[in-house]
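The values are calculated or read from the model by the stated rules, or taken from the named source; none is laboratory data. Values in this document were obtained by computation on a predicted structure and should not be read as measured data. For accessibility, only protein heavy atoms count, side chains too; no ligands or nucleic acids. Shrake-Rupley method; radii C 1.70, N 1.55, O 1.52, S 1.80 Å.
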Amino acid sequence: MQAIIFANRSAAELAPLNRQYSAALMPLVNKALIEYTLEDLSCAGITHAKLVVANRASEIEAHI
């Protein structure tokens, strides 16, 4: 099974945090939000995920 994750938000509503982090990499309890999403997908039996990214794509790629 596959999933698509949209990690392309600018997170303007999270200012000033969005200057330092993309929404996908926003830390929550020492983990990036995207990590929680990927773990939940894995627990649900999803074996492949595609990420749609726009801003800060290289940071997200490096983190994953």
Would you be able to tell me the number of residues in the range 37-64 that are open to solvent by less than 70 Å² (accessible area, probe 1.4 Å) and not in a helix (DSSP H, G or I)?
9
If you go through the range 29-57 one residue at a time, how many are over 12 Å from the mean Cα position of the chain (by Cα) and not charged (D, E, K, R)?
10
Within the range 7-36, restricting attention to residues that are assigned to a helix (DSSP H, G or I) and open to solvent by 60 Å² or more (accessible area, probe 1.4 Å), which residue is farthest from residue 63 (Cα to Cα)?
13
